[in-house]
Amino acid sequence: KKHLAVADSMEKLSKAPEDTLFTLDRYESEYAVCENRTTGEMFDIPRLMVDPYARDGDILKLENGKYRIDYNENEKQREISRELTKRVTKFRVI
(Lines give C-alpha, C1' and ligand atoms only; values in the text may rest on other atoms or scores of the structure.)
Protein backbone atom coordinates (compact mmCIF):
# COMPACT_ATOMS: atom_id res chain seq x y z
CA LYS A 1 0.00 0.00 0.00
CA LYS A 2 1.12 3.52 -0.67
CA HIS A 3 1.80 5.53 2.46
CA LEU A 4 1.33 9.24 3.00
CA ALA A 5 4.16 11.75 2.90
CA VAL A 6 5.46 12.71 6.34
CA ALA A 7 3.85 16.19 6.39
CA ASP A 8 0.49 14.74 5.30
CA SER A 9 0.85 11.94 7.85
CA MET A 10 1.47 14.32 10.73
CA GLU A 11 -1.48 16.52 9.80
CA LYS A 12 -3.90 13.58 9.55
CA LEU A 13 -2.49 11.94 12.69
CA SER A 14 -3.04 15.13 14.68
CA LYS A 15 -6.78 14.70 14.00
CA ALA A 16 -6.91 11.00 14.93
CA PRO A 17 -8.86 10.05 18.07
CA GLU A 18 -6.69 9.20 21.08
CA ASP A 19 -7.59 5.51 21.09
CA THR A 20 -6.82 4.91 17.40
CA LEU A 21 -5.08 1.59 16.78
CA PHE A 22 -2.20 1.10 14.34
CA THR A 23 -0.17 -1.88 13.20
CA LEU A 24 3.56 -1.29 12.98
CA ASP A 25 4.48 -2.48 9.50
CA ARG A 26 8.19 -1.66 9.49
CA TYR A 27 10.82 0.92 10.30
CA GLU A 28 12.32 3.09 7.56
CA SER A 29 15.18 5.24 8.77
CA GLU A 30 13.83 7.57 11.48
CA TYR A 31 10.18 6.67 10.80
CA ALA A 32 7.84 3.88 11.76
CA VAL A 33 5.51 2.97 8.90
CA CYS A 34 2.16 2.15 10.50
CA GLU A 35 -1.26 1.14 9.21
CA ASN A 36 -4.40 2.63 10.72
CA ARG A 37 -6.38 -0.50 11.64
CA THR A 38 -9.70 1.22 10.94
CA THR A 39 -9.03 2.98 7.64
CA GLY A 40 -6.11 0.97 6.24
CA GLU A 41 -4.15 4.16 5.57
CA MET A 42 -0.37 3.99 5.94
CA PHE A 43 1.46 6.66 7.93
CA ASP A 44 5.08 7.62 8.49
CA ILE A 45 5.35 8.33 12.21
CA PRO A 46 8.53 9.76 13.71
CA ARG A 47 10.32 6.92 15.49
CA LEU A 48 10.71 9.08 18.62
CA MET A 49 6.91 9.03 19.05
CA VAL A 50 6.76 5.20 19.00
CA ASP A 51 7.36 2.89 21.97
CA PRO A 52 11.05 1.94 21.70
CA TYR A 53 10.18 -1.73 22.34
CA ALA A 54 7.69 -1.92 19.46
CA ARG A 55 8.55 -4.33 16.67
CA ASP A 56 7.07 -5.19 13.29
CA GLY A 57 3.52 -6.47 13.62
CA ASP A 58 2.83 -4.93 17.03
CA ILE A 59 -0.47 -3.15 17.61
CA LEU A 60 0.04 0.42 18.76
CA LYS A 61 -2.43 2.71 20.48
CA LEU A 62 -2.25 6.48 20.34
CA GLU A 63 -2.13 7.71 23.95
CA ASN A 64 -1.09 11.20 25.04
CA GLY A 65 0.60 11.88 21.73
CA LYS A 66 2.70 8.68 21.83
CA TYR A 67 2.24 5.36 20.09
CA ARG A 68 2.39 2.69 22.78
CA ILE A 69 2.20 -1.08 22.45
CA ASP A 70 -1.32 -2.34 23.15
CA TYR A 71 -0.46 -5.66 24.79
CA ASN A 72 -4.09 -6.78 25.08
CA GLU A 73 -4.75 -6.21 21.37
CA ASN A 74 -1.43 -7.90 20.47
CA GLU A 75 -2.46 -11.00 22.43
CA LYS A 76 -5.89 -11.08 20.73
CA GLN A 77 -4.22 -10.98 17.32
CA ARG A 78 -1.74 -13.70 18.26
CA GLU A 79 -4.60 -15.93 19.43
CA ILE A 80 -6.43 -15.38 16.13
CA SER A 81 -3.23 -16.31 14.26
CA ARG A 82 -2.77 -19.46 16.36
CA GLU A 83 -6.35 -20.55 15.67
CA LEU A 84 -6.00 -19.96 11.94
CA THR A 85 -2.72 -21.90 11.91
CA LYS A 86 -4.39 -24.82 13.71
CA ARG A 87 -7.22 -24.87 11.18
CA VAL A 88 -4.91 -24.75 8.19
CA THR A 89 -2.52 -27.41 9.47
CA LYS A 90 -5.42 -29.67 10.49
CA PHE A 91 -6.50 -29.97 6.86
CA ARG A 92 -3.04 -29.96 5.32
CA VAL A 93 -2.38 -32.83 2.95
CA ILE A 94 1.00 -34.49 3.45
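The values are calculated or read from the model by the stated rules, or taken from the named source; none is laboratory data. The model shown is predicted, which means the values in this text are computed figures rather than measured ones. With ideal geometry, Cβ positions are generated from the backbone for all residues, glycine too; neighbour counts draw on all protein chains shown. Remember, those area values only see protein heavy atoms, side chains included, never the ligands or the DNA or RNA. Shrake-Rupley method; radii C 1.70, N 1.55, O 1.52, S 1.80 Å.
Quick one: which residue in Lys66, Lys61 is within 15 Å of Asp19 (Cβ to Cβ) and touching an Asp or Glu at 6+ places or on another chain (Cβ under 6 Å)?
None of the others qualify; the one that does is Lys61.
Considering only strands (runs of 3 or more DSSP E) fully contained in the range 1-52, which possess at least 1 residues that are crowded, with 17+ Cβ neighbours inside 10 Å, out of contact with any Ser or Thr (no Cβ under 9 Å at 6 or more places or on another chain) and at pLDDT 90 or above? Full working, then the answer.
Details: elements: 21-28, 31-36, 42-46.
Filter on the range 1-52 gives 21-28, 31-36.
Checked against (1) modelled with pLDDT under 95; (2) open to solvent by 50 Å² or more (accessible area, probe 1.4 Å), Tyr71 meets all criteria but (1).
Screening Gln77 with (1) assigned to a loop (DSSP other than H, G, I, E, B); (2) surrounded by 14 or more Cβ atoms within 10 Å (Cβ to Cβ) gives one miss only, at (1).
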